[in-house]
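Here you go, one structure.
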Amino acid sequence: MTSSRLFLARHGQTSGNVAGILRGADSRHDELTAEGQAQARALADKIAALDPDSPRVYASTYTRTQQTAAPIAQLLGVPVTVLDGIQEIDPGEWRGRPYSDLTTHFDELIGPDDRVSFPGGESQGEVADRFEAALHTVLARPGTPIVVSHGGALISVLIRLLRLPVVESWRSGRFAPENAGVSELCRTVHGWQIKK
């Protein structure tokens, strides 16, 4: 038996999010703001209301995802499992640049063969590879995984799971989650689809 339902959530707000600067692994110890804590509690209520069967809660190796996952796990009566491979994208030479550059200077990230890549950092494909590998064992078990990760990493894996064109999908912004935003995916005979 394997999971056919998957929740992918972004962590709550941090002071780094408020500053709007790309930091990659430099932000691994950032904690949630008071607003982020409130967002995490609201996310827990939202997920619990969707009644996941045999839920399992996962968070990245970064503090803010574990703090976001904690109220979800508490409400559902399960532990938080730290999962390597679902951490934020490494922005390489873009570290220190504002989030707004992801829109205004997006063309700098476009490479050949429908590729989005941060110079000196990771590409969308590399992030999707490691995220998908981490999900492999998670999805092999029955029940409903609830995975708390990061904006860039979630965009990368959603594009992969939904088998969408990379540059067009990234540029559209449609998969850029808000803080504590969540996507519910269902696995069908045609692959993963976002539940509307």
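Any idea what the dipole of the chain comes to, in debye rounded to 20, about its Cα centre with Lys/Arg Cβ at +1 and Asp/Glu Cβ at -1?
620
Using θ = phi - 60° and the Karplus relation 6.51 cos²θ - 1.76 cosθ + 1.60, list the HN-Hα couplings for the range 168-176 in order, rounded to whole Hz, with x at every Gly or Pro.
4, 5, 5, 4, 5, x, 5, 10, 7
Considering every Cα-Cα pair within the range 74-174, what fraction, in whole percent, is farther apart than 22 Å?
The answer is 34 percent, as a whole percent.
Separate question: Over the chain, calculate the relative contact order: mean separation of alpha carbon pairs under 8 Å at least 6 apart, over the residue count, as a percent.
Rounded, it is 33 percent for the chain.
Relative contact order of the range 28-67, please, whole-number percent, based on alpha carbon pairs below 8 angstrom and at least 6 residues apart.
73
Taking the Cα centre of each part, how many Å lie between the range 136-185 and the range 1-32?
12
How large is the direction-averaged shadow of the alpha-carbon convex hull of the range 1-92, in nm²?
6.4
Now a separate question. Please pull out the direction-averaged projected area of the chain, using the convex hull of its alpha-carbon atoms, in nm² to one decimal place.
10.3
Separation between the Arg28 and Asp101 pseudo-spin-labels, each 7 Å from Cα along Cα→Cβ, expressed in nm?
Result: 2.2 nm between the two label points.
Which Cα, out of His29, Tyr58, Gly143, lies furthest along the positive dipole direction of the chain (beta carbon charges, K/R +1, D/E -1)?
Among His29, Tyr58, Gly143, the one farthest towards the positive end of the dipole of the chain is Gly143.
Also: Amide H neighbours of Leu83 under 5 Å, counting only residues 5+ apart in sequence or on other chains, H built in-plane at 1.01 Å?
For Leu83, whose amide H was placed from the backbone, the distant partners under 5 Å are Ala59, Ser60, Thr61.
What is the diffusion coefficient of the range 115-196 in µm²/s, taking the Kirkwood radius over Cα pairs and the Stokes-Einstein relation at 4 °C with a viscosity of 1.567 mPa s?
My calculation gives 96 µm²/s for D.
So, for the range 63-196, what is the accessible surface per residue at a probe of 1.4 Å, expressed in square angstrom?
Here the residues of the range 63-196 average 48 Å² of exposed surface.
With a 1.4 Å probe and every protein chain kept in, tell me what percent of the accessible surface of the chain is carbon plus sulfur.
51
The values are calculated or read from the model by the stated rules, or taken from the named source; none is laboratory data. Everything numeric in this text was worked out from a predicted model, so none of it was measured. Neighbour counts run over all protein chains shown; Cβ positions are idealised from the backbone, glycine included. Remember, those area values only see protein heavy atoms, side chains included, never the ligands or the DNA or RNA. Shrake-Rupley method; radii C 1.70, N 1.55, O 1.52, S 1.80 Å.
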